[in-house]
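Here's the structure, in structure tokens; my notes come after.
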Amino acid sequence: MADEMTAAFEKAYDSGSSIRVDLRVPLGRPHVLVLFGPSGSGKTTVLRCLAGLELPTHGRIGFAGETWFDAETGVQTPPQARAIGYLFQDYALFPHLAVAGNIAYALKGTSAGERARRVGEMLQLLHLEGLENRRPAQLSGGQQQRVALARVLVRRPRLLLLDEPLSALDAPTREQVRGELRGLLRSQGIPIVCVTHDWVEALALADEVAVMGGGRVLQVGPPDEVFSRPVDADVAAIVGVETVVAGRVVERMDDLAALEVGGVRLWAVEPSKRGEEFYLCIRAEDVTLEIGTRPSSSARNHLAGRVVEIRPAGAVSRLVVECGFALTALVTRQAERDLALAPGTPVTATVKASAVHLIPR
Amino acid sequence: MNWTAILLTLKLAALTSMILLVVGMPIAYWLTYSRRRWKFLVESVVALPLVLPPTVLGFYVLVAIGPKSPLGQWYQTVVGHPLVFTFEGLVLASVLYSLPFAVQPFTAAFGAVDPKLVEASWTLGISKLATFFRVTLPLSIAGVVTGGVLSFAHTLGEFGVVLMVGGNIQGVTRTVSIDIYDEVQALNYVGAAQTALVLLVFSFLILSVVYAVNRNLWTVWPMK
């Protein structure tokens, strides 16, 4: 396939452990693949292999018509020749160069006028005007991140590799940058592979999520599917959030918004008017169940449905309730017995509006 | 006071430092980034002049550049005169003798540069060589200056190697330290004292300038 990147390789270590992946990324249109997993799952190593900073032991990495790595033929394209952008976790800005020098770093061989024009473009795009003569040490975390982005985007890379792009920021800045980053990455139209261990970040940025654990890709799919329907217990343990569904705002009232999800309405706290399309994330422990269905009352977020699945997990059970969408609830084994819960039992699930976590799509 | 010897010594030290900048940096680069298992052997060889008596080092260099050695014969064929007991021979010996004083600070400085910065440069499409000059060198300039100055100062004061390899030829291989020795042997304490004072003041000035200019250098003194 000429219009995709294929990476099927293994990196083996002397210790006997190994990292093995088989990934595809469509090229020529904006697409964000998020490698999601706990630290030590091998996701950064995968990113470094894609960049050419590390070499796999076996396998092949192809990019459109090019071969970047092939263990059999010995092809090893150095990072310089891959024409990609790599955003390091702590940004790796050159401390001896000012902002403008960092951004212009890769633009050698172009005329001074052209260089100034493209640096100016980037300063504007990333709201860095007025900072061009500052050193990296004089910038805030958010500004450093934007300079690092400008430094890679100015080359117009064919692929962008992001290593935990938001983890070096403090929490309020992260919240703000997350929204901006998504819009910016979309507007550049560059395919992206992004590594993160933060599920909010994964949902906010991803078109597709690959869950990694123990050096293997455990599940690949759209974010809502991966997060709400993990293929096995390992993936479920890694993703941690039980219910993730896509919805859109149909009504607003003060700081609340009603979202339509699978034919039902859910109220959520949404004071910031961040758009209309969201992922709704609900933790299983925030869902309470009552036996029987009751006519919808004025109370918020009463969802009538049926139990479709019960998975015991230690002292508690994880129940999946079909109520227009699959909602996961956590009940104690005691409550499960008292309420005589079984597959098919009609129940009403209640979720507080403040327990519905919204992530812009 | 023997100005000929002083000028000769400065010339020798300056030339040695310059050669070590050119030769020492690739060695230090290799030592910093190589993952070869036998790297420790190269490290040991580079550090040898720190522990070997100068006479031992001088003896081997003398044999290696003598008229019977392949190197000595090749040099004589190409240049037309023997390498031993010449200024060029002395430069060669000084370079070897001062090698660790340049390579060790270089290596320490290169190793202190965050490898992520080097990798960032590579992923931005900049070659390894250009990355060295645009990232590694500017960020380790303090260590490089230190290595240059230390090898300069060390060459100023060498004695045993010069005596073994250079002989004692006025204007060609008679350096300050040997001149002082000669004066003392001849019981000319005044001449020896003058030359010694020049060397002392000069060495002190160089080191003062270096430590004053950059407080964060690789240093023989522990940092506060």
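None of the figures in this text is laboratory data; all of them are computed from the coordinates on show. Predicted model, so just to flag it, every value in this text is computed and none were measured. Every residue, glycine as well, gets a Cβ built from its backbone with ideal geometry; the counts of neighbours run over all protein chains shown.
A quarter of the convex hull surface defined by the alpha-carbon atoms of the protein assembly as shown gives 37.8 nm² as the mean projection. Across segment A:10-157, the relative contact order, built from alpha-carbon pairs under 8 Å that are at least six residues apart, equals 19 percent. Among residues other than residue B:170 with Cβ under 14 Å from its Cβ, the summed charge is -2 (Lys and Arg +1, Asp and Glu -1).
Once C-alpha pairs closer than 8 Å and six or more residues apart are averaged by separation and normalised to the residue number of chain A, the relative contact order reads 16 percent. For residue B:128, list the lysines whose Cα falls under 22 Å from its own Cα; do not include residues on the same chain fewer than 8 positions away. Reachable lysines: A:108, B:39, B:116.
Normalised Debye scattering of segment B:94-224 at q = 0.09, 0.13, 0.18, 0.21 Å⁻¹ gives log10 I(q)/I(0) of -0.40, -0.70, -1.01, -1.17, counting only Cα atoms as equal scatterers and leaving out solvent. One quarter of the convex hull surface, Cα atoms only: what value does that give for segment A:189-268 in nm²? Over every viewing direction, the Cα hull of segment A:189-268 projects on average to 6.8 nm². Taken along the Cα-to-beta-carbon direction at a fixed 7 Å, the label points for residue A:55 and residue A:269 span 5.4 nm. For the pair segment B:139-162 and segment A:72-104, the centres of their Cα atoms are 34 angstrom apart. Each principal axis of the Cα cloud of chain B was taken in turn, and the coordinate range along them, longest first, works out to 64, 45, 28 Å.
Output the DSSP H helices from chain B with an along-axis C-alpha extent of no less than 27 Å and a mean Kyte-Doolittle hydropathy no less than -1.0. Working shown, then result.
On the way: long enough: B:3-33 (44 Å, 1.59); B:87-111 (34 Å, 1.26); B:189-213 (35 Å, 2.11).
Membrane-span-like by this criterion, though nothing is claimed about a membrane: B:3-33, B:87-111, B:189-213.
Panel order for B:79, B:113, by other beta carbons found within 10 Å of each beta carbon, from fewest to most: B:79, B:113.
Straight-line cross-link partners of residue A:11 among the aspartates and glutamates, defined as a Cα under 15 Å from its Cα and at least 8 positions apart when in the same chain: A:22, A:54, A:70, A:72.
On the basis of the beta-carbon distance and an R0 of 30 Å, residue A:342 and residue A:285 show a calculated FRET efficiency of 0.90.
What does the average come to when, for each residue of peptide A:105-115, you count the partner chain Cβ atoms lying within 10 Å of its Cβ?
Details: counts 7, 6, 2, 5, 1, 0, 0, 0, 0, 0, 0.
Neighbouring Cβ atoms belonging to other protein chains average 2 per residue here.
Centroid-to-centroid, using Cα positions, segment B:92-136 and segment B:195-212 are 28 Å apart. The GluC sites (Glu not before Pro) of segment A:1-100 that DSSP puts in a loop, and whose beta carbon has at most 11 other beta carbons within 10 Å, are A:72. Each of A:332, A:45 has some number of other Cβ atoms within 10 Å of its Cβ, and from fewest to most they run A:332, A:45.
Just want the ordering: B:35, A:117, from fewest to most Cβ atoms lying within 10 Å of their own Cβ.
Working: B:35 5, A:117 12.
Fewest-to-most Cβ neighbours within 10 Å comes out as B:35, A:117.
Taking only the Cα atoms of segment A:53-175, the radius of gyration and Dmax are 16.5, 51 Å. Between residue B:168 and residue B:114, the simple spin-label model (points 7 angstrom out along Cα→Cβ) gives 5.6 nm.
For peptide B:113-121, how many partner chain Cβ atoms fall within 10 Å of a residue's Cβ, on average? All intermediate terms of the calculation are to be shown ahead of the outcome.
Working: counts 1, 5, 2, 9, 6, 2, 9, 15, 6.
Mean shielding count: 6.
Both numbers refer to the Cα atoms of segment B:1-111; Rg and Dmax are 15.8, 52 Å. Here each label is just a point 7 Å from Cα along the line to Cβ, and for residue B:79 and residue A:135 those points are 4.5 nm apart. The GluC sites (Glu not before Pro) of segment A:233-328 that meet both conditions, a loop assignment by DSSP and at most 14 other Cβ atoms within 10 Å of the site Cβ, are A:276.
Once you have the Cα-Cα distance between residue B:159 and residue B:7, take 0.36 nm times their residue separation minus that, and quote the gain in nm to one decimal.
Working: separation 152, 0.36 × 152 = 54.72 nm, distance 1.60 nm.
That works out to 53.1 nm of additional length.
Convex hull volume per residue, computed on the Cα atoms of segment A:106-153, equals 77 Å³.
Shape summary of segment A:245-361, radius of gyration then Dmax from alpha carbon positions: 14.5, 43 Å. For segment B:143-206, the relative contact order works out to 28 percent when only alpha carbon pairs closer than 8 Å and six or more residues apart are counted.
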